[in-house]
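These notes concern the structure reproduced below.
All of the numbers you see were taken from the coordinates with simple rules; none came from a lab. Values in this document were obtained by computation on a predicted structure and should not be read as measured data. Heads up, the Cβs are rebuilt from the backbone with ideal geometry, glycines too, and the neighbour counts pull from every protein chain shown.
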Ligand SMILES: Cc1ncc(COP(=O)(O)O)c(C=O)c1O
């Protein structure tokens, strides 16, 4: 008997009762290796003493003060740190309580920017199919996940979607990465011209696609071309790094590896590592200046923006990552994970693709490797894998609808930055067993 409206009404969930390092425990005493950090959240694993100590200190000092009256030292310190480490041009941070709120705020910043600079006709948002930007209405409208959008479509603002940069599914046989990058990016220019360049406000994309398609990195050159197209037409580039950012791919920001800096960037999950709910928009100087020289405000706000407890947890998480040089470990363990996945699955008849960056990896399952034919969605292979993995003491993040929101299955892995070789080996071993069991059932 529960009074919670759970995600799945008839699901019987184990009770999480504790966590330490890479493991979570349930109330029956079972241990699970958390190989996905929930949804790529728990970047430091569980029960990190330094983060917990920082939260205690903050609770003893100041839990909350409304931002229309006060700022706080801890929020200022977190903003200083994020801006110091941000891509070129980023000058300010805006703290919210999660990823969807960050995306909503970024969209409104983009709109207000154009109002402030005298281009109020810019209102169109272009994003990509097979992307996820959150579940609030603006973010949901921006995302291109058909399954998530379908029943809410009458409530969604108008947005426009181009094909993603998804090499396994969209790169043609014999097409070079360069040519594919050019073709995939050209879709944006074509869409901008179709809509009328003077009406387009922003292009929104996950630098590495997360939950919807399963850790899909862009091909080299794609984002450089996207950046050029945005600049050519005065369109803002919003990179959604809610899932792939804050070190997950081996650099603090995924876009560093693509050689581009966005005008606006959203971060969340790994920012606070799950110790507190927090997200942020990182905004560039030109957007800040437009607000500062214009109306003098950003017309937005929530009760919990810049929450001191959330900022304290995030600051501690980011300090631990830097102090313990964990991005080096993400690179090293990411390479090991890719190698081990290759050894286990490269010749597997039903693994079509192994992809990702750093400790953000996906495997895509197919019925037939030569034709890339997916499994019948009625089989719900992704759900079976999740169940079998849990039974084997492993938490992974499988999803269906990989190809178009309806068909395709993948498993997303996002282990904590603190994991070692033995942990990675155990993850791959248990995942292999779970996939085997799920395919056999
Ligand atoms: C890329 C991306 N953007 C936005 C969100 C929404 O974040 P939240 O669930 O914290 O609202 C998510 C969540 O999975 C995400 O992966």
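Summary of values
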item	result
Whether the chain is rounded, prolate or oblate, judged on the alpha carbon gyration tensor where a/c under 1.5 counts as rounded	oblate
Stokes-Einstein translational diffusion, segment 25-114 - Kirkwood Rh over all Cα pairs, 1.567 mPa s, 4 °C, in µm²/s	78 µm²/s
Mean Cβ count within 10 Å, highest first, over the residues of peptides 300-312, 60-72	300-312, 60-72
Pair residue 170, residue 60: separation of 7 Å Cα→Cβ label points (nm)	5.3 nm
Sites residue 163 and residue 292, calculated FRET efficiency, Cβ-Cβ separation with R0 35 Å, nearest 0.05	0.40
Average silhouette area of segment 265-371, convex hull of alpha-carbon atoms, in square nanometres	10.9 nm²
27 Å tail of the calculated P(r), segment 152-306, as % of Cα pairs	29 percent
Residue 12-residue 31 pseudo-label distance in nm [points 7 Å out on the Cα-to-Cβ vector]	2.6 nm
Estimated 222 nm signal from helices in the chain, with DSSP H stretches of n ≥ 4 weighted -39500 (n - 2.57), rounded to 500	-12000 deg cm²/dmol
Exposure proxy order (Cβ contacts within 10 Å, fewest to most) of 396, 320	320, 396
Cβ-derived FRET efficiency at R0 30 Å, residue 5 paired with residue 407, nearest 0.05	0.55
Zone of residue 437's modelled label, taken as backbone nitrogen in segment 359-386 under 16 Å from a point 7 Å along Cα→Cβ	381-386
Cα pair distances of segment 207-275 binned at 5 Å [whole percent]	4, 17, 27, 25, 17, 7, 2, 1, 0
Peptides ranked, highest mean first, by Cβ atoms within 10 Å: ranges 75-83, 48-56	75-83, 48-56
Share, in percent, of DSSP beta bridges within segment 52-323 that are antiparallel, nearest 5	40 percent
Sequence of 148, 369 once ranked by neighbouring C-beta atoms within 10 Å, starting from the fewest	369, 148
In nm, spacing of pseudo-spin labels at residue 391 and residue 52 (7 Å Cα→C-beta vector)	3.3 nm
Most to least packed among 378-391, 352-365 [average Cβ atoms within 10 Å]	352-365, 378-391
Added length on full extension, which subtracts the Cα-Cα distance from 0.36 nm per residue, residue 91 to residue 115	6.6 nm
Average Cα contact separation per residue, the chain, under 8 Å, 6 or more apart, as relative contact order %	22 percent
GNM flexibility winner over the chain from 344, 225, 323 (Cα, springs under 10 Å)	323
Förster-model FRET efficiency, 51 Å R0, residue 420 and residue 232, C-beta, rounded to 0.05	0.65
